[in-house]
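Please see the structure below; I have some questions.
Read-outs: derived from the displayed coordinates by stated rules, not from any lab. Note that the coordinates shown come from a computational prediction; the quantities given were computed from them, not determined experimentally. Counting neighbours? That spans all protein chains shown, and the Cβs are built from the backbone with ideal geometry, glycine included.
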Amino acid sequence: MKRTIPTAPPLSIAPMMEKTDRHYRYFIRQITRCTLLYTEMVTTGAIIHGDRDHLLGFSGIEHPISLQLGGDDAHELYQSVKIAEEYGYDEFNLNVGCPSDRVQNKHFGACLMATPEVVRELVSAMKSATDKPVTVKHRIGIDGRESYEEMRDFVRIVDEASPDRFTVHARIAILQGLSPKENRTIPPLRYPDVYRLKEEFPDLQIEINGGIHDLTEVAEHLRHVDAVMVGRAAYDNPWMLKDADRVLFGLSTTPTREAVVEAMIPYLELWQQNGWHPRAILRHMLGLFAFQPGARRYRRHLSGPFGDHVDGAQLLREAVAEVPGRVMVA
């Protein structure tokens, strides 16, 4: 019997450490309501032994949202998905792409591409814990396993566990000699390899990631694959997503920066009342006016230095006063 695979959302924002936390996700939801969002990667050990509400809690507005997990133990991944199920995530993702030394030392992330049979077991364990989609994010290769054919074999073997989507970062990960930052820029992009993967596995949901800067590029990739994941561009210039709901999801409304700021003011006030420093939220908003008049003054105003008792909402109001009114309503 042919298996039914859920259709991938056409656009998602990549999981990014120290970036895609709940405050960033709440902020970005004021710009796009439909784009699939990801958590930062959360390790299985942290979920099993740590502060679960802090690690897994999110606001209802953040749906649809995927939890990215890091781990190499099938039982721990099963436990983690079971625990996270109670929080209401829309899907679960396995990290097979992170190249950092810390992750490698724990034997997960991109180094798992060398053992597709292990990844198959991990995906199977995750799927046995939930009825929600389970997906895999991986590279096109790693040191010594850099050919298209090796990536194809990786996908073929992992697909025996029936993951619902493969998200492919179109660069190899060089595990020895490059930092995670360098691994996002130095290995060349190989988009045709991802396109070819979709051609050879037409029944699989294939999503492409890596070096994608705007919705024009998103539309071009969607001619070849099922979905597109954007990363740093959506963080550094979040307004690139302002037309995403209209262009990709068929909604008729388009946000304004003024409306985004107005929505964030009560959010800032609430979290500050709960003991959070406003910097934890404001730092995600620094790119809201990227490439616009007044952007530098706006960023400087929000970047501090400021004390522990600063009024975050008032600080934001003062910062946007540096931006021309026509930019606020555009």
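Which of LYS127, LYS137 comes first, and how do the rest follow, when ranked by fewest Cβ neighbours within 10 Å?
Least to most surrounded, the residues fall as LYS127, LYS137.
Sticking with this structure for a sec: With r as the distance between the Cβ atoms of ASP214 and THR256 and R0 = 22 Å, compute the FRET efficiency 1/(1 + (r/R0)^6) and round to 0.05.
On the way: r = 19 Å, r/R0 = 0.86.
E between THR256 and ASP214, to the nearest 0.05, is 0.70.
Next up: Rg and Dmax of the stretch 18-112 over Cα atoms: what are they, in angstrom?
For the stretch 18-112, the Cα-based Rg and Dmax read 13.3, 38 Å.
A further question follows. Looking at the stretch 257-328, what % of the alpha carbon pairs are farther apart than 20 Å? All intermediate terms of the calculation are to be shown ahead of the outcome.
Values: 561 of 2556 pairs.
Summing the P(r) of the stretch 257-328 above 20 Å gives 22 percent of all pairs.
Evaluate E = 1/(1 + (r/R0)^6) for ASP203 and GLN314, where r is the Cβ-Cβ distance and R0 equals 51 Å; express this FRET efficiency to the nearest 0.05. Write down the numbers at each step before the final one.
Values: r = 54 Å, r/R0 = 1.07.
After rounding, the FRET efficiency stands at 0.40.
Could you grab the relative contact order for the chain? Cα pairs under 8 Å, six or more apart, rounded to a whole percent.
Working: 587 pairs, mean separation 52.4, N = 330.
Computed over the chain, the figure is 16 percent.
What is the mean projected area of the alpha carbon convex hull for the stretch 83-186, to one decimal in square nanometres? Could the numbers behind the result be given before it?
Working: hull surface 26.9 nm².
With every direction weighted equally, the projected area is 6.7 nm².
Set the Förster radius R0 to 25 Å, insert the Cβ-Cβ distance between ASP51 and GLU85 as r into 1/(1 + (r/R0)^6), and round the FRET efficiency to 0.05.
Details: r = 18 Å, r/R0 = 0.71.
About 0.90, to the nearest 0.05.
Moving on to the next point. When MET240, MET126 are ordered from fewest to most other Cβ atoms inside 10 Å of their Cβ, what list results?
Starting with the residue having the fewest Cβ neighbours, the order is MET240, MET126.
Something else about it: Along the Cα-to-C-beta direction of ARG196, a point sits 7 Å from the Cα; which residues of the stretch 136-152 have their amide N less than 13 Å from that point?
So the set is 140-141, 146-152.
Quick check on the stretch 140-227: take the gyration tensor over C-alpha atoms, sort the square-rooted eigenvalues as a ≥ b ≥ c, and tell me if it's rounded (a/c under 1.5), prolate or oblate.
Working: a/c = 2.05, a/b = 1.12, b/c = 1.83.
Oblate.
While we're looking at this one, here's another question. If I build a Gaussian network model for the chain, linking alpha-carbon pairs within less than 10 angstrom, which residue out of GLY109, GLY312, GLY97 has the largest mean-square fluctuation?
Residue with maximal mean-square fluctuation among GLY109, GLY312, GLY97: GLY312.
Quick one: grab Rg to one decimal and Dmax as a whole number for the stretch 193-252, Cα atoms only, in Å.
Rg then Dmax for the stretch 193-252, in Å: 12.3, 36.
Counting only pairs 8 or more places apart or on different chains, how many lysine pairs in the chain have C-alpha atoms closer than 24 Å?
Going through the chain pair by pair, I get 20.
Please state the shape class of the stretch 118-177: rounded when a/c is under 1.5, otherwise prolate if a/b exceeds b/c and oblate if not, all from the C-alpha gyration tensor. Could the numbers behind the result be given before it?
Values: a/c = 2.31, a/b = 2.10, b/c = 1.10.
Judged from the Cα gyration tensor, the stretch 118-177 comes out prolate (a/c at least 1.5, a/b above b/c).
When the Kirkwood radius is taken over all Cα pairs of the chain, what Stokes-Einstein diffusion coefficient follows at 10 °C and 1.306 mPa s, in µm²/s? The partial results should precede the final answer.
Details: Rh = 20.6 Å.
For these conditions, the coefficient is 77 µm²/s.
Could you check which residue among HIS23, HIS107, HIS221 shows the biggest mean-square fluctuation in a GNM of the chain with a 10 Å Cα cutoff?
Among HIS23, HIS107, HIS221, the largest GNM mean-square fluctuation belongs to HIS107.
In the stretch 11-243, what percentage of the DSSP-assigned beta bridges are antiparallel, given to the nearest 5? Please list the in-between numbers first.
Working: 1 of 32 bridges.
Roughly 5 percent of the DSSP beta bridges within the stretch 11-243 come out antiparallel.
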